[in-house]
Amino acid sequence: MIVVQVSDTHIKSKGKLAYNKVDIHKALYNCVIHINNLNPKPDLVIFTGDITDNGTNEEYKLFKEIVKLLDVPFYAIPGNHDNAENLKREFEEYNWFEENNHLSLVIENFPIRIIGLDSSIKGESYGGLNEERLLWLEKQLNKFPDKKVLLFIHHPPIKIGIEHMDVQNLQIGKECLANLLGKYEQVLALACGHVHRVSTTLWNKIIVLTAASPSHQVALDLRKDAKAEFIMEPPSIQVHYLTEEQGLTTHTSYIGKFEGPYPFYDEKGEIID
Ligand SMILES: [Fe+2]
């Protein structure tokens, strides 16, 4: 089973560049083409928040126009830049969300279950999980205790060492989340967005992964009081390769034109020296 994760697309209104620099619409279009060219095709794509930059209906409509070009099913959970009501309304026909108070989702029709947990709090950049969301997650994990799960959330519960992002990570309910995940060993990893960088952390025996953006990345600056800056490092998606036997391997797939691939061996089967 292959699940593609795309995070932090930050779609703005028509013709508007992000921070007067980044052509965010073209970046999403390139990302969609990149996914459509994957071979084999993924089973699904999940967008892990900050779908839009300001959460307006126009932005969701523009996002939808582009992602409808995907030739595999797609899902989305919100981030801090999203507007839950508008996101829910604009994607009502997809029936992703069952709950009234949060936009979390479960995808059941695969050997490995996919859960997307809403960590957004209206009006705040940081994330949080209240009792209702944690109880919902526990209920989902109790349903099929023998089935492996890959859990997606926008805000990572960990610090990645980039201070201006770390202050807006998952601030509320992270101890409860750690305790909960400690009880349910079927959860393979927690795959997050928000920080616009690929990183891996072992947190309370749970693997926490973060994804980069298909457009702009947060500059890697681990100094104290590092400036909040972005950088046009290569855009990428996460390709989560899942098997019932082994579990999870996550690849980062870069979007763009690169030389190759070139063969290691010649026509006679000998290594090219
Ligand atoms: Fe975010």
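Bear in mind these aren't lab numbers, they're just calculated from the coordinates by the rules spelled out. For clarity, every value in this text was computed on a predicted model and none was experimentally measured. Cβ placement follows ideal geometry from the backbone for every residue including glycine, while neighbour counts extend to all protein chains displayed.
Scanning segment 220-243 finds one or more residues that are surrounded by fewer than 21 Cβ atoms within 10 Å (Cβ to Cβ), of a type in the set (Ser, Thr, Tyr) and under 30 Å from LYS147 (Cα atoms).
Evaluate the following for VAL72: is it part of a loop (DSSP other than H, G, I, E, B), touching a helix residue (DSSP H, G or I) at 6+ places or on another chain (Cβ under 9 Å) and more than 16 Å from the ligand (Cβ to nearest atom)?
Details: part of a loop (DSSP other than H, G, I, E, B): yes; touching a helix residue (DSSP H, G or I) at 6+ places or on another chain (Cβ under 9 Å): yes; more than 16 Å from the ligand (Cβ to nearest atom): yes.
So VAL72 passes the test.
Annotation note: Cβ proximity below 6 Å between a residue of segment 3-22 that is under 16 Å from PRO234 (Cα atoms) and a residue that is within 16 Å of the ligand (Cβ to nearest atom) and acidic (Asp, Glu) (sequence gap 6+ or interchain) occurs for ASP8/ASP50. On the stretch given as segment 1-52, residues that are within 16 Å of the ligand (Cβ to nearest atom) and of a type in the set (Val, Ile, Thr) total 9.
Listed by first and then second residue, the pairs linking a residue in segment 207-227 that is within 19 Å of ASP8 (Cα to Cα) to a residue that is hydroxyl-bearing (Ser, Thr, Tyr) and exposed (fewer than 14 other Cβ atoms within 10 Å of the Cβ), with Cβ atoms under 6 Å apart and 6 or more places separating them unless they lie on different chains, are LEU209/THR200.
CYS176 meets each of the listed conditions (1) assigned to a loop (DSSP other than H, G, I, E, B); (2) away from the ligand (no atom under 16 Å from the Cβ); (3) under 17 Å from PRO156 (Cβ atoms) apart from (1). HIS196 meets each of the listed conditions (1) buried (at least 18 other Cβ atoms within 10 Å of the Cβ); (2) away from the ligand (no atom under 16 Å from the Cβ); (3) not polar (S, T, N, Q) apart from (2).
More than 27 Å from ASN30 (Cβ to Cβ), assigned to a loop (DSSP other than H, G, I, E, B) and not charged (D, E, K, R) - does that describe any residue in segment 193-203? No, there is no match, as no residue in segment 193-203 is more than 27 Å from ASN30 (Cβ to Cβ), assigned to a loop (DSSP other than H, G, I, E, B) and not charged (D, E, K, R).
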